[in-house]
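Working notes for the structure below.
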Amino acid sequence: MSNFKKHHKLHSKLLISITLCITLTLLISTTVYYFYYIRVEKEQAFEANHGSLSLRSKEVINMTSIAQSLAFQMYRSSTLSKLLYYPKPNVYDVTAAMSELNNYLNSMPYIESIYVYNPKSGTFYIVSTRGQNG
């Protein structure tokens, strides 16, 4: 009987040791895999955001360049200069200039409105895709 108790204690200690080793191994490997997964997920999210922001940045630079080019073209226009600098342009000049502004607006789909201010008369001339022209 004493031999049986001895083997029983040995088997019990062995079973507990194996169970603890397996549990500890699972806990450590799960922790390592979890932190590795979190790091990889953060890197992928960063790469996706970085790519998206780079694309947006290029689009903004392109649209800024186009808008600047359009503004320079508008300021060099003799028809629009009558709206900008004449204190009281006649109705034909205003009609021609508004038509030209409408053409600019229709040629650029991402521009929703164009405002031209005449400081001598204190007047805003507006062309909009939403029908607020005048």
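Structure data summary
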{"read-out": "Matching label, log10 I(q)/I(0) by the Debye sum over Cα atoms at q = 0.10, 0.20 Å⁻¹ computed from the structure shown, candidates (1) -0.60, -1.12; (2) -0.28, -1.21; (3) -0.32, -1.27", "value": "(1)"}
{"read-out": "Candidates 70, 80, 15, ranked by Gaussian network fluctuation over the chain, Cα under 10 Å, top entry", "value": "15"}
{"read-out": "Cleavage-rule hits (GluC sites (Glu not before Pro)) in segment 1-53: DSSP loop, at most 11 neighbouring Cβ within 10 angstrom", "value": "none"}
{"read-out": "Those aspartates and glutamates that a straight Cα-Cα span of less than 15 Å connects to residue 82, excepting residues fewer than 8 apart in one chain", "value": "93, 100"}
{"read-out": "Lys/Arg +1, Asp/Glu -1 at C-beta; the chain dipole; positive extreme among 12, 92, 62", "value": "12"}
{"read-out": "Surface accessible to a 1.4 Å probe, residue 39 within the full protein complex, Å²", "value": "120 Å²"}
{"read-out": "Between segment 25-73 and segment 84-125, the Cα center-to-center distance that results, in Å", "value": "41 Å"}
{"read-out": "Accessible surface of residue 50 - all protein chains present, 1.4 Å probe, nearest 10 Å²", "value": "100 Å²"}
{"read-out": "Sulfur and carbon atoms: percent of accessible area, segment 1-115 [1.4 Å]", "value": "66 percent"}
{"read-out": "Taking segment 1-114 and dividing mean pair separation by its residue count, relative contact order in percent (alpha carbons under 8 Å, at least six apart)", "value": "11 percent"}
{"read-out": "Nearest-20 debye value, the chain charge dipole, Cβ charges on Lys, Arg, Asp, Glu", "value": "920 debye"}
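The values are calculated or read from the model by the stated rules, or taken from the named source; none is laboratory data. It should be emphasised that the depicted structure is a prediction, and the values quoted were computed from it without experimental measurement. We place every Cβ from the backbone using ideal geometry, glycine too, and count neighbours over all the protein chains shown. With ligands, DNA and RNA removed, areas are computed over all heavy atoms of the protein, side chains included. Shrake-Rupley method; radii C 1.70, N 1.55, O 1.52, S 1.80 Å.
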